[in-house]
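The values are calculated or read from the model by the stated rules, or taken from the named source; none is laboratory data. As the structure is a computational prediction, the values presented were derived from the model and not from experiment. Cβ sites come from the backbone with ideal geometry, for glycine too, and all protein chains shown count toward neighbours. These area figures cover heavy atoms from the full protein model, side chains too; ligands, DNA and RNA do not enter into them. Shrake-Rupley method; radii C 1.70, N 1.55, O 1.52, S 1.80 Å.
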Amino acid sequence: MMESWMIIGGVTFSVAFGTLFFKLRDINWVVKLQRPDWLFFEPAIPLIWTVIFAGGVGSAAVVWEQEPGSLKTWLLMALYLLLEIVTVAYIPATLRAKSLKVGTILGGVGEILGVVLLLAVLPISQTAALLLLPYVIWGAIGTYITWEMINLNPEAV
């Protein structure tokens, strides 16, 4: 029998493929955008997101194991999934729309969902909540970066 973390990880990995729904010409648009001078850590962002998604998988698995199959647990799993869909939609939606405003909105929605999810799982498991903390921290940073890029690239609103 498969472990819960394997199933949750498989769903997470499958949804993460959504970031591949962009066209190469969209990449040219984003490469030309100006970035804040302090964004020296941009090459590490894929690794940061890998750690964040792994934390999300771990958090969801911990929550699932507390009350497997209960209605409350299924609703929380739906919230985890919604958070991932919003997060994964950031790249293709921003690139397709060629709009940093779209990215800022999706980042903000993801941040709100992340905080709501963290608060929802905190009474169930402090470990599950702590595993979501990187998302909540980075979500705020990433959203701020995108918003700051609007000031540097007003044509990309």
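Magnitude of the Cβ-charge dipole of the chain, K/R +1 and D/E -1, about the Cα centre, nearest 20 debye?
Computed about the Cα centre, the dipole is about 500 debye.
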**Item:** Accessible area, probe 1.4 Å, largest first, for residues GLU111, GLU3
**Value:** GLU3, GLU111
**Request:** For LYS98, tell me the accessible area in Å² from a 1.4 Å probe, rounded to the nearest 10.
**Result:** 80 Å²
**Message:** Along the charge dipole of the range 38-129, pointing to its positive end and built from +1/-1 on Cβ of Lys, Arg, Asp and Glu, which listed residue (PRO46, SER99, LEU82) has its Cα farthest out?
**Reply:** SER99
**Prompt:** Can you pull the semi-axes for the range 104-149, root of five times each eigenvalue of the Cα gyration tensor, sorted largest first, whole Å?
**Reply:** 23, 10, 4
**Prompt:** Using only helices, what value at 222 nm comes out for the chain when you add -39,500 (n - 2.57) per DSSP H run of length 4 or more and divide by the total residues, to the nearest 500 deg cm²/dmol?
**Reply:** -26000 deg cm²/dmol
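Which helices count as membrane-span-like in the chain under these terms: full DSSP H, at least 27 Å along the axis by C-alpha, Kyte-Doolittle mean of -0.5 or more?
Those that pass (Cα extent of 27 Å or more, hydropathy at least -0.5) are 45-66, 71-97, 100-121, 126-152.
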